[in-house]
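Worksheet: one structure, shown below.
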Amino acid sequence: MPRNYDIAELRRLDIAHHLPAQADWQEIEDLGGSRIITHADGCYIHDGDGNRILDGMAGLWCVNVGYGRDELAEVAREQMLELPYYNSFFKTANAPAILLAEKIASLTGGRLPHVFFNSSGSEANDTILRMVRHYWQVKGEHSRTIVISRHNAYHGSTVAGVSMGGMKVMHGQGFPAPGILPMAGIEHVRQPYWYNEGRDMTPEDFGTACAQAIEDKILEVGPENVAAFIGEPVQGAGGVIIPPANYWPQVEAICRKYGILLVCDEVICGFGRTGNIWGHETVGVKPDIIAMAKGLSSGYLPISAVAVSAEIVQVIKTGGDFVHGYTYSGHPVASAVALRNIEIMEREGLFEKVRNETGPYLAEKLATLRDHPLVGEARSVGLLGAVEVVADKATGARFGGAEGTAGPMVRDICIRNGLMVRGIRDSIVMCPPLIITPSQIDDLIGIIRTSLDEAEPKLR
Ligand code: PLP
């Protein structure tokens, strides 16, 4: 049972001491403090004001198995009592980390047999940046240092994560000078966001144009200087951007043509989100390295991983120490929880369920929103979806403001109506737990429709 918190006092302490992530602290203070989430079960979160909210975001794209899994608490308890912590710096390892590495390798079909652990998605991408550059150094191709990414990509919040990411607003904070953020050696190219940037072309022509932008960038900076290309199979935080089907295969072919490593950031797409275990399967490519986090432990404990090809590890092994790693790399408790979490997803057939049942059902239900006067596009892949809010359906004109304000506004109404979604510029996005049922999907879509109805007179 949830504890009996003094919510008013918690709000006061929140304002006085707690600095929430990715937030406007003044706005939160003006609102009288954060919404305090007190407990959760299944697909629902509960707040201190007594509201029960359908979690259409699986926390932050992560609670794949839903809330309240006794089994994960038990396994954490047992592991804490047996071995709560040990590092992997001293030529040491622990059973859960080794077994989890083996499990992840098997989920890649053995294609990426080696696994490096970290605690967050950002750290995983830091690891990747250091690893790909080190790989080329050891291989003797010293000029290969540049990593190509996309505008509006999200790869995390550390300096390397923000740099590889393409969020202008994140690049703009701090020290706005060239080479600081994004850090030197990272290049960005256009994103495959057809609805916003490509409607004057067919999706196929646009997919080709976006892939061509990568080749153009490679030729501009010199292929001999490029280490890797990194991309989310489907951009999540950018606004659930599902690329045209011909985009990724062309990206892979371009990487192979110039001998550039292909990196997929599976932090959101991994573990069944798009209807396959990996997003790269859904988009039809075979990367050399992948980053994963979030669904790896369903968010029950912080853990991330980087899975790497045998060829890369073989080369790095000839170069002595890889002088990189974290105190919590291969954390035994986080690893044990992740291992059991994967077991639950497999036992309950959640990947198949998303592919065959709930993913297609969400797509069908989202399509029913297309007749709404505010909906420019409704799209999804697996259990990852977005609704584009527009002022004019025919032209796709937005309600105004370069960064878009309609999404956050509709989101706030959705939350008041009992649904947690995210507002990203002028879209609302969803990413519910993989255990969501068809009737909960009906509720989710119903609340979005009602909330759009409520938003319309306020927006116009
Ligand atoms: N990569 C992607 C694709 C993400 O969506 C995120 C977080 O949302 C990250 C990396 C960063 O993960 P974390 O917040 O765990 O550092």
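The table below lists the values:
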quantity: Karplus-derived 3J(HN,Hα), 6.51/-1.76/1.60, for each residue of the stretch 94-103, Hz, glycine and proline x; calculated: 9, 4, x, 5, 5, 5, 5, 4, 4, 5
quantity: Highest average packing first - 193-200, 247-254, Cβ atoms within 10 Å; calculated: 247-254, 193-200
quantity: Radius 14 Å from Cβ of Gly48, net charge of other residues (Lys, Arg +1; Asp, Glu -1); calculated: 0
quantity: Accessible solvent surface per residue of the stretch 19-140, calculated while the other protein chains remain in place, 1.4 angstrom probe, Å²; calculated: 51 Å²
quantity: Carbon/sulfur fraction of accessible area - the chain, other protein chains in place, 1.4 Å, %; calculated: 55 percent
quantity: Unsatisfied cross-links (Cα-Cα over 19 Å) in the set Lys257/Lys286; Lys365/Lys458; Lys217/Lys257; Lys103/Lys294; calculated: Lys365/Lys458
quantity: Spatial separation of Cα centroids for the stretch 216-268 and the stretch 11-37, in angstrom; calculated: 38 Å
quantity: Test item: Cα-centred dipole of the stretch 407-460, Lys/Arg +1 and Asp/Glu -1 on Cβ, debye; calculated: 200 debye
quantity: Cut-off under 5 Å, modelled amide H: who pairs with His188 long-range; calculated: Ser149
quantity: Local electrostatic count, Thr274, Cβ distance below 15 Å [Lys/Arg +1, Asp/Glu -1]; calculated: -1
quantity: Residue-wise HN-Hα coupling along the stretch 107-124, computed from phi with Karplus coefficients 6.51, -1.76, 1.60 (Hz; x: Gly, Pro); calculated: 5, 8, x, x, 5, 10, x, 10, 10, 10, 9, 8, 9, 9, x, 4, 5, 4
quantity: Proximal aspartates and glutamates to Lys353, defined as alpha-carbon separation beneath 17 angstrom and excluding residues fewer than eight positions away on the same chain; calculated: Glu281, Glu343, Glu364, Asp442
quantity: Given charges at Cβ of Lys, Arg, Asp, Glu: the stretch 104-144 dipole, positive-most of Gly121, Trp136, Ala105; calculated: Trp136
quantity: Relative packing of peptides 71-80, 153-162 - highest average C-beta neighbours within 10 Å first; calculated: 153-162, 71-80
quantity: Size of charge dipole - the chain - debye, nearest 20, with Cβ of Lys, Arg +1 and Asp, Glu -1, no other charges; calculated: 580 debye
quantity: Inverse mean reciprocal Cα-Cα distance (Kirkwood Rh) of the stretch 65-139, Å; calculated: 15.0 Å
quantity: Prolate/oblate/rounded label for the chain (Cα gyration tensor, a/c 1.5); calculated: oblate
quantity: Sites Glu141 and Glu343 - FRET efficiency at Förster radius 56 Å, r taken between beta-carbons, to 0.05; calculated: 0.85
quantity: For the stretch 190-207, Karplus couplings with θ = phi - 60° (6.51, -1.76, 1.60), whole Hz, Gly/Pro x; calculated: 5, 9, x, 9, 4, 4, 8, 10, x, 6, 7, 10, 6, x, 5, 5, 5, x
quantity: Cβ-derived FRET efficiency at R0 22 Å, Arg416 paired with Gln22, nearest 0.05; calculated: 0.55
quantity: Nearest-20 debye value, the stretch 267-403 charge dipole, Cβ charges on Lys, Arg, Asp, Glu; calculated: 120 debye
quantity: Ordering of 349-357, 407-415 by packing [mean C-beta count within 10 Å, highest first]; calculated: 407-415, 349-357
quantity: Lys/Arg +1, Asp/Glu -1 at C-beta; the stretch 307-460 dipole; positive extreme among Ile342, Met430, Ile415; calculated: Ile415
quantity: Potential extension, Glu456-Met80 segment - 0.36 nm per residue separation minus Cα distance; calculated: 130.2 nm
quantity: For the stretch 318-363, fraction of C-alpha pairs farther apart than 13 Å, in %; calculated: 71 percent
quantity: Per-q log10 I(q)/I(0), the stretch 1-132, q = 0.10 Å⁻¹ (Debye; single scatterer per alpha-carbon; no solvent); calculated: -0.55
quantity: Å² of accessible area per residue within the stretch 220-312, as computed with a 1.4 Å probe and no ligands counted; calculated: 23 Å²
quantity: Positive-end residue of Leu366, Gly295, Gly231, charge dipole of the chain with Cβ unit charges; calculated: Gly231
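The values are calculated or read from the model by the stated rules, or taken from the named source; none is laboratory data. Everything numeric in this text was worked out from a predicted model, so none of it was measured. Note: ideal-geometry Cβ built from the backbone for every residue, glycine included; neighbour counts use all protein chains shown. Each accessible area value is taken on the protein alone, full model and side chains, heavy atoms only, with ligands, DNA and RNA left out. Shrake-Rupley method; radii C 1.70, N 1.55, O 1.52, S 1.80 Å.
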